[in-house]
Amino acid sequence: DGAVDQDKLPQMIFEKEVHDFGEIVEGEKVSYSFKFTNTGKSDLIVSNASASCGCTVPHYPTDPIAPGEEGTIDVVFDSKNRPGKVDKKVTIIANTVPNTKVIKITGRVKSPVN
């Protein structure tokens, strides 16, 4: 009948979906690795990870993540010319249902002390 067997699909379960960098000084580049596990029954394939802004660059695994295996989405945030509150989303596209997952970085960028 063409229906997808939900039980056999990969599942992307994140250790945490939001990371707060706290206070960072403008100009700093900070990064965080969002750890996830494939708790499903088939290989997890991440086809894309994109951020809401060019100041945030996600790196994702290109190899399939086997059932039970872990992977990371590494997110680098460049605070140059980004003073104030940070609230950036990263949208991950994978062979899961639903096929998109959003993770987030937050924090506050303060001006450097001269």
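The values are calculated or read from the model by the stated rules, or taken from the named source; none is laboratory data. The model shown is predicted, which means the values in this text are computed figures rather than measured ones. Cβ coordinates were reconstructed from backbone atoms using ideal geometry, including for glycine residues, and neighbour counts include every protein chain displayed. Side chains included, ligands, DNA and RNA excluded: accessible areas come from the protein's heavy atoms. Shrake-Rupley method; radii C 1.70, N 1.55, O 1.52, S 1.80 Å.
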With the label point 7 Å along the Cα-to-beta-carbon line of ASN95 and a cut-off under 17 Å to each amide N, the hits in the stretch 1-44 are 3-13, 37-44
Solvent-accessible surface ranking, highest first, for LEU44, LEU9 at 1.4 angstrom: LEU9, LEU44
Expressed in nanometres to one decimal, the distance between label points 7 Å along Cα→Cβ at LEU9 and SER52 is 2.5 nm
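Might you tell me the accessible area per residue for the chain, computed with a 1.4 Å probe and given in Å²?
Values: 6770 Å² over 114 residues.
In whole numbers, the chain has 59 Å² accessible per residue.
Using a Förster radius of 30 Å, what is the FRET efficiency between THR62 and VAL25 based on their Cβ-Cβ separation? Nearest 0.05, please.
On the way: r = 33 Å, r/R0 = 1.10.
My answer for the efficiency is 0.35.
At 1.4 Å probe size, with the rest of the protein present, what percent of the exposed accessible area of the stretch 35-81 is carbon and sulfur atoms? Working shown, then result.
Values: 1130 of 2400 Å².
Here it works out to 47 percent.
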Read phi for every residue in the stretch 56-61 and hand back ³J(HN,Hα) as whole Hz from Karplus 6.51 cos²θ - 1.76 cosθ + 1.60, θ = phi - 60°, with x for Gly and Pro. 10, 10, x, 10, 10, x
Expressed as cubic angstrom per residue, what is the convex hull volume of the alpha carbon set of the stretch 43-102? 82 Å³
Just to be sure I understand, if you calculate Cα Rg over 2.2 N^0.38 Å for this structure, which of [x] 0.99; [y] 1.12; [z] 1.22 do you get? [z]
